[in-house]
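Single-structure report; data block below.
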Amino acid sequence: MIEKNKGKWIGLGIGSILVMFFMWGSVIWGLTKIDTQMVIDSFLHFDGSNEHIIIQDTRIPRSLIAAAVGASLAIAGAIMQGITNNPLASPSIFGVNAGASFFVVLGITAFGMTSLMSFTWLAFLGAALAVIIVYSLGTLGKDGLTPIKMTLAGAAIAALFSSLTQGMLTLNEQSLDQALFWLAGSVQGRDLDILVAVFPYILIGLVASLLIGKQINVLAMGEDLAKGLGQKTWLIKVLAALTIVLLAGGAVAVAGPIGFIGIIIPHVARWMVGIDYRWVIPYSGMLGAVLLLIADIGARYIIMPAEVPVGVMTAFIGVPFFIYIARRGINE
Amino acid sequence: MDAIRTNALTLGYGEEDIIEELDLVIPKGKITVFIGGNGSGKSTLLRSLARLLKPKDGSVVLDGADIARTPTKKIAQKLSILPQSPVAPEGLTVLELVKQGRYPYQSWLNQWSEKDEKAVQRAMEVTGVKDLSERKVDSLSGGQRQRAWIAMNLAQDTDIILLDEPTTYLDLTHQIDILDLLSDLNEEENRTIVMVLHDINLACRYADHIVAISNKNIYQQGDPDTIVTPELVANVFGLRCQIMNDPHSGTPMCIPFSRGRRKKDADHERKMDA
Ligand SMILES: Nc1ncnc2c1ncn2[C@@H]1O[C@H](COP(=O)(O)OP(=O)(O)OP(=O)(O)O)[C@@H](O)[C@H]1O
Ligand SMILES: [Mg+2]
């Protein structure tokens, strides 16, 4: 663990450089050989060549999307783990991604929606609904909010939304292709337009997450302690929930559901900087971006010339880690 | 003068009331101790005095104002509470914990000040956790941990301090240590202390004012010397006992009657009954 604040700032600097390095790598590396000169040329004198088209239409969107989505999911997970005091909390385990996905698929299949804006709002709506349901179910009963109840509620809601999504797909086959593609969870083949449409909301979520760190530190001590110290805990929870919805909903709208980043990265961040959320949140963002960029770059090389879906890559890295955390115990 | 006052306070979690129409006055600058059986509502009452639990009916008045209508940070500058068995997040250090006690004095503009630093250092000194400041709270012994929590409360620097069973999990030495510390704070700095204690003998020693809770209301309250009688113990705890004078402090001391173990006690009880 990095103890000194100075070290943490330096780490933040190194992390930002890594993010930029892998964003650059994401543009350069892959089946089609690209070099830095081509990238510059594609901006300055675009000549319609195969390479230039790939850079502008595929690689650059993919790089930007991986960074934004990775950071968003990781930060959403960090906030969820902080306010619920639950090491298993994350957008995918608690059904937030599944909720957002279900609403988008519902929009595509049942209402024939195709506009990017409608995807975005549907994703926010689904994410918000999942957050509200899981929180209410988790608080139900005599002993109030417990990590175990909340995890069970999250798993149940995730399963429910996933089966509803499956149901929608079998009922409505015309729109199957579009929905399936979107559901696969990837950063490749997505339009830059959707990122542009969603980015303002993600940006609000990112800024909010950086401001809320100190309040999460207080809330993590427990509801009674936080209230006793004069915190308006309901307000902080509402702000945190809105931030989660913007980040996780936004990420799903852009890239479909991608698991494991939201659960693993906050643990790595805490391992690096301790439990102060003023640091955990920016570190999560950085590490999340790096992980998804690396996973997406790796996905291009494993079965070249074909590609592995990036969700499979994150699962590969994520599952062993997940088991490790679960074994350490949910109450720790 | 009263520090806190309740008006027809009714408390409960669901349908059932735990406390009904309670009128209670907590005297200023004194040590008040709540006693009562398990589940009698001591914690519930203490939490409501600190606005952690909303009353079903009635009100809690602090400094002449209803706490439900006072900004919560303002209250946190006047009153601090240590809940029953608090849990610190894994990995939090003692210093980080104690620093949280300054939360009520901070805002967007006002970050960490000289005054905050002083209050934190002082709180750690009085509670004797200064040497532990870099240790993780979850790695401490029960007694050290309890002191760290009390240090956080003291850092909050409030005139009124509420504590729910501050001596549970502590060995006798540490129980006395903590209670002596609280009694010093009361005497030297005139702080009002309200706490829940399970040990009647210690309650009698340290309390200026005892509030015995039973049957959703106050069974009796007042100076321990006058109110703590075998009758009170029988009605509040359902326990038969003899009350003697504590040879050390002269305050009432409760000798419970039991069926098991020493024969001498049973003989004695028979004599008392005769
Ligand atoms: N969060 C809660 N939800 C529902 N009921 C509760 C809750 N907390 C306490 N109770 C109930 O309220 C009653 C009073 O509880 P309280 O904790 O105030 O008792 P207590 O006097 O502090 O007991 P103890 O000496 O065991 O700490 C008990 O019957 C308890 O089961
Ligand atoms: Mg209690």
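Worth pointing out:
- Boolean, A:S209 is crowded, with 24+ Cβ neighbours inside 10 Å, at pLDDT 90 or above, more than 14 Å from chain B (Cβ to nearest Cβ) and within 22 Å of A:M313 (Cβ to Cβ): no
- Residue that is nearest to ligand 2 (Cβ to nearest atom), among those in the stretch B:4-23 that are buried (at least 17 other Cβ atoms within 10 Å of the Cβ) and within 14 Å of chain A (Cβ to nearest Cβ): B:I18
- Consider the stretch A:61-79 and keep the residues that are under 8 Å from the mean Cα position of the chain (by Cα) and among the aliphatic types (A, V, I, L, M). The one that is farthest from A:I212 (Cα to Cα) is A:V69.
- Some residue of the stretch A:298-313 being within 14 Å of another protein chain (Cβ to nearest Cβ) and among the hydrophobic types (A, V, I, L, M, F, W, C): no
- Residues located in the stretch B:79-106, provided they are in a helix (DSSP H, G or I), among the aliphatic types (A, V, I, L, M) and under 22 Å from the mean Cα position of the chain (by Cα): B:V94, B:L97, B:V98
- Some residue of the stretch A:231-241 being more than 14 Å from every other protein chain (Cβ to nearest Cβ), buried (at least 22 other Cβ atoms within 10 Å of the Cβ) and under 11 Å from the mean Cα position of the chain (by Cα): no
- The lone exception for B:D131 - which of (1) touching a strand residue (DSSP E or B) at 6+ places or on another chain (Cβ under 9 Å); (2) surrounded by fewer than 12 Cβ atoms within 10 Å (Cβ to Cβ); (3) part of a helix (DSSP H, G or I) it fails: (1)
- Of the residues A:F322, A:F260, the single one that is within 14 Å of the chain's Cα centre (by Cα) and of a type in the set (F, W, Y) is A:F260.
- Residues of the stretch B:83-94 satisfying the condition of being more than 8 Å from chain A (Cβ to nearest Cβ) and either out of contact with any Lys or Arg (no Cβ under 9 Å at 6 or more places or on another chain) or surrounded by fewer than 19 Cβ atoms within 10 Å (Cβ to Cβ) (or both): B:Q84, B:S85
- The conditions of being in a helix (DSSP H, G or I) and modelled with pLDDT of 85 or more are met by A:A289.
- When B:Q220, B:Q146 are checked against the criterion of being surrounded by 15 or more Cβ atoms within 10 Å (Cβ to Cβ) and within 16 Å of ligand 2 (Cβ to nearest atom), a single residue qualifies: B:Q146.
- Single unsatisfied condition, B:A212 versus (1) part of a helix (DSSP H, G or I); (2) surrounded by 13 or more Cβ atoms within 10 Å (Cβ to Cβ): (1)
- Check on B:A76, in contact with a Ser or Thr (Cβ under 8 Å, 6 or more places away or on another chain), in a helix (DSSP H, G or I) and either at pLDDT 90 or above or within 16 Å of ligand 2 (Cβ to nearest atom) (or both): yes
- Criterion: out of contact with any Asp or Glu (no Cβ under 6 Å at 6 or more places or on another chain), away from ligand 1 (no atom under 16 Å from the Cβ) and assigned by TED's automatic domain parsing to the domain that holds B:Q121 - qualifying residue of B:V61, B:V98: B:V98
- Checking each residue in the stretch B:24-68 for being within 16 Å of ligand 2 (Cβ to nearest atom) and part of a strand (DSSP E or B) picks out B:T32, B:V33, B:F34, B:I35.
The values are calculated or read from the model by the stated rules, or taken from the named source; none is laboratory data. Predicted, not measured: the structure shown is a model, and the values here were computed from it. Here the Cβ is made from the backbone with ideal geometry for all residues, glycine too, and neighbour counts use every protein chain on show.
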